Each structure stands twice: as structure tokens, then as C-alpha cells.
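The values are calculated or read from the model by the stated rules, or taken from the named source; none is laboratory data. No experiment lies behind these values; they were computed from the predicted model shown. As a convention, Cβ positions derive from the backbone with ideal geometry for all residues, glycine included, and neighbour counts pool all protein chains shown. Surface areas here come from the heavy atoms of the whole protein model, side chains and all, with no ligands, DNA or RNA. Shrake-Rupley method; radii C 1.70, N 1.55, O 1.52, S 1.80 Å.
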Amino acid sequence: MHLTMPRAPQPARGLSQTSARRAIDHAAERQTLGDLHDAYQWAVYAHTLAHRSNHPAERLDATAMLAPLAALTGHADQAVTAYRGLVDLATAELGASHERTLYARAGMAEAHHRVGRCEKAIRDLADVYTTAAERHGPEAPVSLKTLTQLACLYRDCGWHDVAHRCLAAATTIAARYLRKGDPIRARVTNIAQTPAGENHRAVCTQATPSWPAPSGLSTARTT
Ligand SMILES: [Zn+2]
């Protein structure tokens, strides 16, 4: 992997004196400040440091920092690779149904979708949603976020009917279980009012709507 060193501030005098954790914190600070490219550079550096250490938590956090930043800064193939690593790390450390593992799988599905692997992305994300709803309940943040994310993938592929069904289910769940003003409820509403992204058309490989709705679109807990 090509290592791009952070630009500024420079890490302190060599790899051994700058911990992976410190680099992770720098990446997070830059992201908070809105400097995504600088944050990405720090995340690459943190990821390299963390994988030289024997600290699984640092490897997990560094990879969790790198994967979305790679996607946000246009490093699409690296994002897929980083998310794949993140899924493996999270599964090993936290278990297959932990929320962070499910978010990692959702991120990987989005990364695949971003490079035109639409069929795989939608199947994987539908499976993540089903697992999240069964394990954590349909009203859990990870379930609602995954379901709205799934709607966005369907919508960007031009499958508006299925996207609408997913969003309608998410809206019903959010209204039933979450108070007014809850940020996730607001997020569902915002996504429902947002048109399909134009950028996906250039890479989309699913021109013909043919997907069944994912199983598990229940709007109430089954337990
Ligand atoms: Zn597509």
C-alpha cells in the first residue's frame, strides 16, 4: 500500500514516537474541522502504525477512521479494501452482530455500490438490515440507518418503488418508536425528501429494476 505521510503538523520524529492512537486523534480532529484530505492523510498514517502494533483496539479504530475517509476523499478502491479489513477486525473483536460490525458491513456495501457493484451492495446491505432488525430490533439506530441507506442505494439505481417502500417502513418505525426531534427520525425524513444522487448513474450496473424487497421489513418488534 502506498503510504502518504501527513502534511501538517508533522508527526514527531519518526514512527516510534508517534502512537497510532495519537494519529487517530489527529485524523478525527482534522475531520471535525472539515479538512477531509488532511484527515485522510492522518488516517492512512494511523492505519500503518496501528497495523505494526499488537493492539487490536487501535487497529480497529484506525481502520474505522480510514475506511469512510477513503470513501469521502475519492479513494474508492481503497475504501472497499479498508472496509473489508474493518469487517474482519470488528467481527473478530466484537462479534458478527455487534453494531460496529453491522455499520462496517453497511459501509462496505456502500463502498461496493460507489464503484458500481450494485447487485452485491444491495444484497449485502439488505442482509445487514435483516440481521440488525432481528438482533437489535427494527427501531434501533443501526436498523433504521441501514434501512434508509438501503433505500438510498435502491433510489440511486433508479428503483424508486422499492426505495419508497423501504423509506415508508423506516418512517413508520421512526414515528412509532422515536420522539419528535430525534436526530434519526429527522434523518429518515430528510432522506425521504432528497432526490436520487446523479453521480451514481455513471457507474450503475443495474439499469433494470428487478430486486425483491428485503425480508424483514417489519415495522414492529417480533419479540
Ligand atoms: Zn446502481
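Order 36-42, 119-125 from most to least packed using the mean count of other Cβ atoms within 10 Å. Mind dumping the intermediate values first?
On the way: 36-42: 22.1, 119-125: 19.7.
Taking the mean over residues of other Cβ atoms within 10 Å, the ranking is 36-42, 119-125.
Per-peptide packing, taken as the mean over residues of other Cβ atoms within 10 Å, places 21-31, 105-115 in the sequence 105-115, 21-31 from highest down. The residues of the range 13-82 have, on average, 46 Å² of accessible surface per residue, using a 1.4 Å probe with all protein chains present.
Within the accessible area of the range 20-94, the carbon and sulfur atoms contribute 52%, probe 1.4 Å, all protein chains present. Each residue of the range 139-150 was assigned a 3J(HN,Hα) from its phi angle through the Karplus expression (A = 6.51, B = -1.76, C = 1.60, θ = phi - 60°), giving 8, 5, x, 5, 6, 5, 5, 5, 5, 5, 5, 4 Hz with x at Gly and Pro. Gain on full extension, evaluated as 0.36 nm per residue between Thr194 and Ser97 minus their Cα-Cα distance, stands at 31.9 nm.
A 1.4 Å probe run over the protein chains yields, for the range 125-185, 41 Å² of accessible area per residue, whole-number rounding.
In the range 149-203, which trypsin sites (Lys or Arg not before Pro) are in a loop and have at most 10 other Cβ atoms within 10 Å, using DSSP for the loop call? Kindly include the intermediate steps, with their values, before the conclusion.
On the way: sites: Arg155, Arg165, Arg176, Arg179, Lys180, Arg185, Arg187, Arg201; in loops: Arg179, Lys180.
In loop regions of the range 149-203 (DSSP not H, G, I, E or B), the sparsely surrounded trypsin sites (Lys or Arg not before Pro) are Arg179, Lys180.
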